Amino acid sequence: MNMNDINVTVSIVTHNSDKIFLSLDSLIEILGTDQSIQVKIFDNASEPEYRERLKKYLVYPFVKINFYEENKGFGFGHNTNLLETTGYGIIFNPDIILSKNHLKDMAAHLAETPECGLLAPKILNEDGTTQFLIRNHLNVFDYMLRFIPFKFVKKLFAKRLARFECRELPDDRDSFVRMISGSFMVVDLTKFNEIEGFDDRYFMYFEDNDLCRKMEQAGYQAIYSPQFTVVHLYERGAVKSRKLFFIFLQSMRKYFQKWGWQFF
């Protein structure tokens, strides 16, 4: 496939994210003179000073910003950016850092796998270690186990956690998986539109798992391609913030009520 024929749209949703400026500077530097990739930013009612800083990126003709007056959440923002758009979308967290411009390569790789609607690269920490964000099943026990601060408990369930986090996936070839992380994913927009995108009843958390289940329900798979890598400045907000943890629990309830409760 000729990569020049691939239409790629990077979709970023933000609400006062301080990492976005580092992320955008990195992205724009990587894109260089390539203005064929569109960057759409959806701002979820951030502070006025923050919006003024964002406006400076409008000097780049491939950047568009939608300043929304209400915080409607992660899925709503990406749906606004990507529904009724053609080609391939890149769900791109405002804390993602690129070291190479593999965006069209990833889109082309997904295009060559027509049975798939989603692609995930290997997602790394700043120190180069892997963030294990792939899932093949979800249940309440394993999810909550990750929030327990006691190391001896996690050591006791180490093998179970390793299975939950799909730590045995090979690094030298693609793997078909069930669920990938919304921090960075490549989306076939024809299939994304077919399933009507994200379920925006999730404000944040679990909307990526839900999207993967909707793709699966429509007959499409997700592919993990570790030959591509991105860096995620992961903060685990739900662990550090009571407010975000409450939102996490609300989204967990919505997910399991929709897809069936699995406790173990």
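The values are calculated or read from the model by the stated rules, or taken from the named source; none is laboratory data. Since we're looking at a predicted model, the values are computed, not measured. Heads up, the Cβs are rebuilt from the backbone with ideal geometry, glycines too, and the neighbour counts pull from every protein chain shown. Surface areas here come from the heavy atoms of the whole protein model, side chains and all, with no ligands, DNA or RNA. Shrake-Rupley method; radii C 1.70, N 1.55, O 1.52, S 1.80 Å.
Counting only protein heavy atoms and a probe of 1.4 Å, the accessible surface of segment 47-119 is 50% carbon and sulfur.
Between L83, L58, L119, the GNM of the chain built on Cα springs shorter than 10 angstrom shows L58 fluctuating the most.
Could you state the accessible area per residue of the chain in Å², with a 1.4 Å probe and every protein chain left in place?
Ligands and nucleic acids excluded, the figure is 49 Å² per residue.
Let me make sure I get this right: for segment 111-264, a, b and c are the square roots of the gyration tensor eigenvalues over alpha carbons, sorted descending. Under 1.5 in a/c it's rounded, otherwise prolate if a/b > b/c, else oblate. Which is it? Oblate, since a/c reaches 1.5 and b/c is not below a/b. For D174 and K56, what is the calculated FRET efficiency with R₀ set at 41 Å and r taken between the beta-carbons, to the nearest 0.05? Step by step, r from the Cβ atoms, then E = 0.60. Positive contributions from Lys and Arg (+1) and negative ones from Asp and Glu (-1), summed over other residues with Cβ under 13 Å from the Cβ of K191, come out at -4. From its DSSP helices (H runs of at least four residues, each -39,500 (n - 2.57)), the chain gives a residue-normalised ellipticity at 222 nm of -10000 deg cm²/dmol.
Structure shown: which of K159/K254; K72/K258; K56/K100; K100/K122; K40/K104; K122/K214 lie over 18 Å apart, alpha-carbon to alpha-carbon?
Details: K159/K254 28 Å; K72/K258 20 Å; K56/K100 24 Å; K100/K122 13 Å; K40/K104 16 Å; K122/K214 22 Å.
The answer is K159/K254; K72/K258; K56/K100; K122/K214.
If R0 is taken as 22 Å, the Cβ-Cβ distance between A45 and S241 corresponds to a FRET efficiency of 0.75.
Between Q131 and K159, the distance separating the two model label sites (each 7 Å from Cα on the Cα→Cβ line) works out to 2.9 nm. In a fully extended conformation the segment linking F147 and E84 would gain 18.9 nm over its present Cα-Cα distance, using 0.36 nm per residue. Of the residues N93, N79, N44, the one whose Cα sits farthest toward the positive end of the charge dipole of segment 43-100, with +1 on the Cβ of Lys and Arg and -1 on the Cβ of Asp and Glu, is N93.
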